[in-house]
C-alpha cells in the first residue's frame, strides 16, 4: 500500500503506536501502515523475536504473552520508558477455539477471554491513563459479534464484548479527548481464516470475492486513529466486502 497512508497522519508524525498481535496477519499489516505514516511502534507479540522488522522504521518489538498480566503491564512500562510517550493503541491479537459450547470447559473460556477481552481491556485502562488529548484506541473485533456460525461461541462472545468495551471506552475517554472505535472484519486472508476447521470442512463457505486482505483493515485502522476521524468515536465499522449484508 506504500505511501498512500501518508495523507491520513496526525499533525505529529512521530506519534507512538502500540499494536498487539503484530508478528503477522492483520497486526503486521497495521504495523506497516503506521510505519509508512511515520509513526514509532511498540509491537507486542509472543513471537516478537521472529517478527520481520524490515520497513517498520523506529520499532520496538516486545515479547509478551497477553494472558500474563504482569507481562502486559511490563510491556506498557517498556513502551513509555523507550519512547517517552504513547499516542495510539490498536488491539489486534486474538485467538479462536473451535468446539461446541457443550465441550467448552472453564479453562477454555478463561484462556480465550484472557487474550481476546481481558488483555484489550487492561491495555485500554493503561491507555486511558497515559494517552494525551487527541489519542485514539482502535479495537479489531469481528463480524462474529453480530452474526456467527457453529463451533466458535467463545470467540463470538469475546468479540461482542469487545464492541461493548469500545462503546464504554468512548464514553469514558471523551472527557480527556481520547477516541475509541471498533473494526469488525469479515473474512480476511490470514492464517486464522486458512486454518479454520469450519472453512476447511465446508461448514462455512466463503466466496473468493468475499475475502479481504490484512491491508484493507490496516487502512481503516490508520484512518480511525487519524485527525480525519476526529468526530468518530464509539463506532463499529464493518469491513467485510458487503458479505454480511447479503446473508
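Just for the range 229-238: of the residues that are over 18 Å from residue 132 (Cβ atoms) and surrounded by fewer than 19 Cβ atoms within 10 Å (Cβ to Cβ), which one is farthest from the chain's Cα centre (by Cα)? So that I can check it myself, show each step before the final result.
Going through the range 229-238, the residues over 18 Å from residue 132 (Cβ atoms) turn out to be 231-232, 234-238.
Next, only the ones that are surrounded by fewer than 19 Cβ atoms within 10 Å (Cβ to Cβ) stay: 231-232, 234-237.
Numbers: 231: 20, 232: 17, 234: 15, 235: 15, 236: 13, 237: 13 Å.
My answer is 231.
On the stretch given as the range 212-242, residues that are part of a helix (DSSP H, G or I) and either touching a helix residue (DSSP H, G or I) at 6+ places or on another chain (Cβ under 6 Å) or in contact (Cβ under 8 Å) with a residue 60 or more places away in the chain (or both) total 13. The residues on offer are 245, 209, 182, 156, and the sole one that is outside any strand (DSSP E or B) and modelled with pLDDT of 95 or more is 156.
Applying the criterion of being modelled with pLDDT of 95 or more and not in a loop (DSSP other than H, G, I, E, B) to the residues of the range 8-24, the residue that is surrounded by the fewest Cβ atoms within 10 Å (Cβ to Cβ) is 16.
The values are calculated or read from the model by the stated rules, or taken from the named source; none is laboratory data. Predicted, not measured: the structure shown is a model, and the values here were computed from it. Quick reminder, even Gly has a Cβ in these numbers, built from the backbone with ideal geometry, and neighbours come from all protein chains shown.
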